[in-house]
Structures are given as structure tokens and as C-alpha cells.
1. Scan the stretch 38-56 and tell me whether some residue there is over 14 Å from the mean Cα position of the chain (by Cα), among the hydrophobic types (A, V, I, L, M, F, W, C) and either within 23 Å of Asn109 (Cα to Cα) or modelled with pLDDT of 85 or more (or both).
2. Sort out which residues of the stretch 85-107 are within 12 Å of Leu53 (Cβ to Cβ), touching a Ser or Thr at 6+ places or on another chain (Cβ under 8 Å) and not β-branched (Val, Ile, Thr), and write them in order of number.
3. Take the stretch 77-97 and flag every residue that is modelled with pLDDT under 55 and not polar (S, T, N, Q).
4. Across the stretch 145-166, what is the total count of residues that are charged (D, E, K, R) and in contact with a helix residue (DSSP H, G or I) (Cβ under 8 Å, 6 or more places away or on another chain)?
5. Would you confirm whether or not the stretch 134-144 contains a residue that is without any contact (Cβ under 8 Å) to a residue 40 or more places away in the chain, among the hydrophobic types (A, V, I, L, M, F, W, C) and touching a helix residue (DSSP H, G or I) at 6+ places or on another chain (Cβ under 8 Å)?
6. Checking the conditions here, which among Ala72, Ala12, Ala64 is out of contact with any Gly (no Cβ under 7 Å at 6 or more places or on another chain), farther than 30 Å from Arg163 by Cβ, among the small types (Gly, Ala, Ser) and at pLDDT 75 or above?
7. Could you check the stretch 82-134 and list, in sequence order, the residues that are within 26 Å of the chain's Cα centre (by Cα), among the polar types (S, T, N, Q) and not in a helix (DSSP H, G or I)?
8. Does any residue of the stretch 140-159 turn out to be within 16 Å of the chain's Cα centre (by Cα), modelled with pLDDT of 65 or more and β-branched (Val, Ile, Thr)?
Amino acid sequence: MQTELPAHAVAAIATVIAALIAAAISFVNLTLNKEQKTSEFRQAWIDGLREDLSSFFACARAFARATEEHKAFGPSNENTTYLAMTAEKISEIRYQVAETRCRIQLRLNLSEPEHKELFRLMQGATESQQKMLRGQGDTAATLKAIEAAAEYAPQILKSEWERVKRGEFAFRAVRNWIAPTIFVLSLLFIFLVASGKMNI
């Protein structure tokens, strides 16, 4: 024998269920908005890293070439017009290399293997330049070290871009599990009411 719930009890249950569904939908919206912001920040991080990397590699190459010329021909002055850069310009580029390297280091998460490897390659390029300054290295080795880091860097940018496209974990959970669950529960509730199994 089927026992129907009193009308006021069913109405109360329906109200609670509707409130829970509304709260869940609000939670989904808040999560999606937050994760959208996180993705925007990550995209800005990628753009900033790309800019810093291009600056680092360009300045590092220029510094290697300028150091080579400086070693070969001596300090630049008004009589050495064959030099591409003055000693002051070389010093300025050296500072830019150090500055962009520090910015990149602060952007990277060195607990991630790919980030750690990129920083290791950049360190190798920087150390090779220091050897050049001490007269213990050559331009070819330095440029090779710079190129190794430059060839590896796009992997970081690509993997981070893939992460942006996938979305953050919370976003994927809401999209793939929570939102469909809310939708199914809502349909079930409507079906129960419409079929008379839950009389209001």
C-alpha cells in the first residue's frame, strides 16, 4: 500500500530540493567565473614569459657577439669604428641579460621538471658567457648553449597553453561532473513530480 506524504511535507521537500539545486547552480557559476579568471592570469603569465624569453635570448646572443669583438679588437673608441658596440653598450646588454634571467626565474615553478630543465639550460648559457669574459670559453660554445635553451623554451609555452585550453582542474570537474549531475537530478525531480510519484 502506497502512502502519500502530506501536501505540506512534499511542498517543503520540493522547496528544499529547489533551493539545493539553485545553490549548486550558483556554486557552478562562481567556480566557472573563478577558473576563467585563473586562465586569464595564466595566459598573461605565458605572454610575459614569452616576452622575457625572447629578450633574454636576443640579448644573450648580442652579448656573446659583442664580447667576442671586444676581446678581438679591444675597447671601442672614436678610432675603432669597426666595432659594433661600445664597452658601455656591452655593459648595458649584460645587465639586460641578468635582469631578464631573474624575471624568468621568478616566473618559473622550479618544482616542475620542464621549468627546472629550462632554467638549467639558461644557467648553462649564462655560465658559458662568464667563461668567455674570463677568457676560458669561445663564442661558438656560448651560442650553442643559448640555442639549446631557446629550442627547449617553446615546450614550456606549449604545455602551459595546453593547460589553459584544458582549463583548471576545478573547471574540468564542474564541467564534466558537477554540472551534468545537477542537470540529471533536476530532470529526475521534474519527472517524479510530473509522474505523480511525488504529489505536491
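1. Narrowing the stretch 38-56 to residues over 14 Å from the mean Cα position of the chain (by Cα): 54-56.
Right, trim to among the hydrophobic types (A, V, I, L, M, F, W, C) and you get 56.
Filter again for either within 23 Å of Asn109 (Cα to Cα) or modelled with pLDDT of 85 or more (or both), leaving 56.
There is at least one residue in the stretch 38-56 that is over 14 Å from the mean Cα position of the chain (by Cα), among the hydrophobic types (A, V, I, L, M, F, W, C) and either within 23 Å of Asn109 (Cα to Cα) or modelled with pLDDT of 85 or more (or both).
2. Listed by number, the list holds a single entry, Arg101.
3. Going through the stretch 77-97, the residues modelled with pLDDT under 55 turn out to be 77-83.
The answer is Glu78, Tyr82, Leu83.
4. Keep residues of the stretch 145-166 that are charged (D, E, K, R), which gives 147, 151, 158, 160, 162-163, 165-166.
This time we only want the ones that are in contact with a helix residue (DSSP H, G or I) (Cβ under 8 Å, 6 or more places away or on another chain), so: 160, 163, 166.
So the count comes out to 3.
5. Within the stretch 134-144, one or more residues are without any contact (Cβ under 8 Å) to a residue 40 or more places away in the chain, among the hydrophobic types (A, V, I, L, M, F, W, C) and touching a helix residue (DSSP H, G or I) at 6+ places or on another chain (Cβ under 8 Å).
6. Values: Ala72 fails: at pLDDT 75 or above; Ala12 fails: at pLDDT 75 or above.
Being out of contact with any Gly (no Cβ under 7 Å at 6 or more places or on another chain), farther than 30 Å from Arg163 by Cβ, among the small types (Gly, Ala, Ser) and at pLDDT 75 or above holds for just one of Ala72, Ala12, Ala64, which is Ala64.
7. Just the residues of the stretch 82-134 that are within 26 Å of the chain's Cα centre (by Cα), to begin with: 95-126.
Those still in the list that are among the polar types (S, T, N, Q) too: 96, 100, 105, 109, 111, 123, 126.
Within the stretch 82-134, Asn109, Ser111 meet the criteria.
8. Our first condition is that a residue be within 16 Å of the chain's Cα centre (by Cα); within the stretch 140-159, this holds for 152-159.
Narrowing the set further to residues that are modelled with pLDDT of 65 or more leaves 152-159.
Now narrow it down to the ones that are β-branched (Val, Ile, Thr): 156.
Scanning the stretch 140-159 turns up at least one residue that is within 16 Å of the chain's Cα centre (by Cα), modelled with pLDDT of 65 or more and β-branched (Val, Ile, Thr).
The values are calculated or read from the model by the stated rules, or taken from the named source; none is laboratory data. Remember, predicted model here, so these are calculated numbers, not experimental data. Every residue, glycine as well, gets a Cβ built from its backbone with ideal geometry; the counts of neighbours run over all protein chains shown.
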